[in-house]
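The values are calculated or read from the model by the stated rules, or taken from the named source; none is laboratory data. Keep in mind it's a predicted model, so treat the numbers as computed, not measured. Here the Cβ is made from the backbone with ideal geometry for all residues, glycine too, and neighbour counts use every protein chain on show.
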Amino acid sequence: MSSFSTDEVARVAALARIALTDEEIERLAGELDVIASAVAKVSEVAGPDIPATSHPIPLANVLRKDEVVEGLDRDELLAAAPAEEDGKFLVPQILGEE
């Protein structure tokens with residue numbers, strides 16, 4: 001016997017304003033029963049002594065150590081630019097043009 005009746009599925013669908021055919025209601029009731037059975041099996045195994053996990057393998061971030069390094073020379077960078085003005089890259093204006 002299904003733990004989700006077709007009446008329950010139809011009621012929830014109506015609350016969500018989802019139009020379902022009788023065939024879809026029957027199919028969804030069966031699918032929801034399968035899902036509920038799977039959750040019940042997991043609930044049998046998962047007890048208070050078993051920690052919850054989101055990944056089967058523990059994850060660790062691989063981060064490099066922050067080190068202060070010498071920055072790039074602005075004059076050297078601007079020398080390679082096609083155009084510069086007031087110590088900044090000069091680019092064509094694209095906003096505000098008519």
Failed criterion for residue 1 (all others in (1) at pLDDT 95 or above; (2) assigned to a loop (DSSP other than H, G, I, E, B); (3) of a type in the set (A, V, I, L, M) hold):
(1)
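In segment 5-23, is there at least one residue being in a loop (DSSP other than H, G, I, E, B) and hydroxyl-bearing (Ser, Thr, Tyr)? Break it down into steps so the answer makes sense when it comes.
Here is the first cut: in segment 5-23, the residues in a loop (DSSP other than H, G, I, E, B) are 5, 16-21.
Applying the additional criterion that residues be hydroxyl-bearing (Ser, Thr, Tyr) yields 5, 21.
Yes: one or more hits.
Here is a yes/no grid of residues against (1) within 30 Å of residue 43 (Cα to Cα); (2) out of contact with any strand residue (DSSP E or B) (no Cβ under 8 Å at 6 or more places or on another chain); (3) of a type in the set (A, V, I, L, M, F, W, C):
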| residue | (1), (2), (3) |
| --- | --- |
| 55 | yes, yes, no |
| 67 | no, yes, no |
| 70 | no, yes, no |
| 76 | no, yes, no |
| 83 | no, no, yes |
Could you tell me how many of the residues in segment 57-96 are part of a strand (DSSP E or B) and not hydrophobic (A, V, I, L, M, F, W, C)?
3
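Could you pull out the residue among 54, 43 that is of a type outside the set (A, V, I, L, M), exposed (fewer than 10 other Cβ atoms within 10 Å of the Cβ) and in a helix (DSSP H, G or I)? Let's see the steps before the verdict.
Values: 54 fails: in a helix (DSSP H, G or I).
The match here is 43.
Taking segment 20-64 on its own, how many of its residues are small (Gly, Ala, Ser) and either touching a residue at least 24 places away in the same chain (Cβ under 8 Å) or under 17 Å from residue 5 (Cα atoms) (or both)? Give the derivation first.
Step one: filter segment 20-64 for residues small (Gly, Ala, Ser), giving 29-30, 36-38, 40, 43, 46-47, 52, 54, 60.
Then keep just the ones that are either touching a residue at least 24 places away in the same chain (Cβ under 8 Å) or under 17 Å from residue 5 (Cα atoms) (or both); that gives 29-30, 36-37.
Selection size over segment 20-64: 4.
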Out of (1) touching a Leu at 6+ places or on another chain (Cβ under 7 Å); (2) under 30 Å from residue 9 (Cα atoms), the one residue 23 does not meet is (1)
